[in-house]
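First up is the structure itself, then whatever we jot down about it.
The values are calculated or read from the model by the stated rules, or taken from the named source; none is laboratory data. Since this is a predicted model, take the numbers as computed values, not measurements. Positions of Cβ are generated from backbone atoms using ideal geometry, with glycine treated the same way; all protein chains shown enter the neighbour counts.
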Amino acid sequence: MNEMDPRLRYSAESVRSYMTGDELVIKEGRLNRLAARIADDYRRDTISPTMVSGVLRLFEFAGLALIMTAIMLAYVGVPRTMIWEYPLAIVSLSALYVTLAQFAEGYQIRALRNSLAWFPRLVLMWTAAFALMALAGFFLKISDDFSRFWFGSSYLAGLAFLFATRTVLNWRVRRWARNGTMERRAVIVGGGQPAEKLIRALELQPDNDIRICGIFDDRDDARSPLIVAGYPKLGDIEELVEFTRRARIDMLIVSLPLDAESRVLYMLKKLWVLPVDIRLSAHSHKLRFRPRTYSYVGKVPMFDIFDRPLRDWDHVAKRAFDIVFSLLGIVAFSPVMIATAIAVKATSKGPALFVQRRHGFNNEVIEVFKFRSMYVEHQDPTARNAVVKDDPRVTPVGRFIRKTSIDELPQFFNVLRGDLSLVGPRPHAVHAQTRDKLYGEVVDGYFARHRVKPGVTGWAQVNGWRGEVDTDEKIRKRTEFDLYYIENWSVLMDLKILFLTPIRLLNTENAY
């Protein structure tokens, strides 16, 4: 059993003592000591099996291509009469193998977990790729033009490379599985007999990559036992939100019957603000739909309720986008930033930069950089008192850089650090409010904005919702546009927002 496995063989009495003992304050809510302890065990990020298999595809394609190229250069030399035939054959063989291995399920999680047992199937796919290429060369009457030594040695060297790759991968994946590095972490929502049946079914899956981190249920101990299938009940739904924000959880599985409509809707309303996959277990339901209606963990069917907005390669693409364009922004605007820093320092005492605590991804608190636009003695790190038109706290230089949004340029460095994205919902100060209410009190589901990283610019800003937030309607509209962006994100949408941002900045009506 993994050292992080929550099945710590607690008795009901020991779990009850944790649940009712002194509570630990966590962020804006509370967790009992047991939930806090388990959450701390899962603070480390995991490696997605999807990412591992994707990187493996690229690595095997590139490795095979490089090996065949090296053999060609060593034996044949730089081809003078077959300038395109050899490169085309190399690329085709590599791509054909990866495609055939994909069809043979050689990149599935069960193949990654037991690579050596699957190696004979991969040998067959590599052999099939060469056979198809030889057949193509025969029909195109170009097979005599290729070196037979290159062809045969490429086949054998490729086999050796694949064997070495899968052997190392087999060792690494087993190690990652033991220490909890490569897994999907799940929490069961709802206890009792339905949860127990679901857990037993998941545990029977031979290639299951789900690690159950605990159970949360609003019902009392009489209707929902403290221990279910060896896992402790860690709290109610409010505590689940805090637990998921503290731990690195991938999936919430709601184990409730479909006829418990009001309970399901209540829980989903509370949980949809979290950046996790939410699934409704269909394991114990007698009602059956077509297979495409479900997603599966092994053979256990699930209804997909909510998906994480950014996952796996989408996350990689967005991070690459952020790094490239933030570096370009720093280079392009460095003269403006240097001049602004000098102007701020020369016209008022205090530092050139101002650091403000704001809500980031998953409601975590981050420190955001800005050029200081207020007199030092009037700075408001909590943003309880929003800046208004002709605000006496703002310096003359500050008034200009706020209207032009030059004060936001240091946030390019926040993007490089990974606290922000270039494009996303704008981060608000921790205690930001309208006239008399915190934003979270005004908008139901406001914290769903934090399912992705906040951005330097966003969809709401390029649609006119920029500047002072002095009414409930303004924060509602901002949130509406932010949620639209999250649900419809694409790289092209990010490019569109970046292109529109300097144009929309010309409208300074609400920027003070």
Could you go through region 133-154 and let me know if any residue there is under 28 Å from LEU169 (Cα atoms), among the hydrophobic types (A, V, I, L, M, F, W, C) and surrounded by fewer than 12 Cβ atoms within 10 Å (Cβ to Cβ). no
Quick test for you: out of SER147, SER224, pick the one residue that is of a type in the set (Gly, Ala, Ser), assigned by TED's automatic domain parsing to the domain that holds LEU100 and in contact (Cβ under 8 Å) with a residue 12 or more places away in the chain. SER147
Residues satisfying the stated conditions in region 106-131, i.e. closer than 30 Å to ILE210 by Cβ and free of Cβ contacts under 8 Å to residues at least 12 places away in the same chain: ALA111, ALA117, PRO120
Being assigned to a helix (DSSP H, G or I), in contact with a helix residue (DSSP H, G or I) (Cβ under 6 Å, 6 or more places away or on another chain) and either touching a residue at least 24 places away in the same chain (Cβ under 8 Å) or acidic (Asp, Glu) (or both) is the filter here; which residues of region 430-446 pass it? TYR439, VAL442, TYR446
Would you be able to tell me the number of residues in region 309-362 that are surrounded by fewer than 15 Cβ atoms within 10 Å (Cβ to Cβ), in contact (Cβ under 8 Å) with a residue 40 or more places away in the chain and of a type in the set (Val, Ile, Thr)? 4
Criterion: at negative phi, assigned to a loop (DSSP other than H, G, I, E, B) and polar (S, T, N, Q) - qualifying residue of THR99, THR50, THR46: THR46
How about region 202-223: which of its residues are under 27 Å from the mean Cα position of the chain (by Cα) and at pLDDT 80 or above? LEU202, GLU203, ILE210, ARG211, ILE212, CYS213, GLY214, ILE215, PHE216, ASP217
Any hit, region 170-184, residues being of a type in the set (Phe, Trp, Tyr) and surrounded by fewer than 18 Cβ atoms within 10 Å (Cβ to Cβ): yes
Scan region 148-172 residue by residue and report those that are farther than 12 Å from PHE130 by Cα, out of contact with any Ser or Thr (no Cβ under 7 Å at 6 or more places or on another chain) and among the aliphatic types (A, V, I, L, M). ALA157, ALA160, LEU162, ALA164, VAL168
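Here is a yes/no grid of residues against (1) crowded, with 19+ Cβ neighbours inside 10 Å; (2) modelled with pLDDT of 90 or more; (3) farther than 23 Å from PHE321 by Cα:
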| residue | (1), (2), (3) |
| --- | --- |
| SER421 | yes, yes, no |
| HIS431 | no, no, yes |
| HIS450 | yes, no, no |
| VAL456 | yes, yes, no |
| TRP459 | yes, yes, no |
| ASN463 | no, no, no |
| GLU473 | no, no, yes |
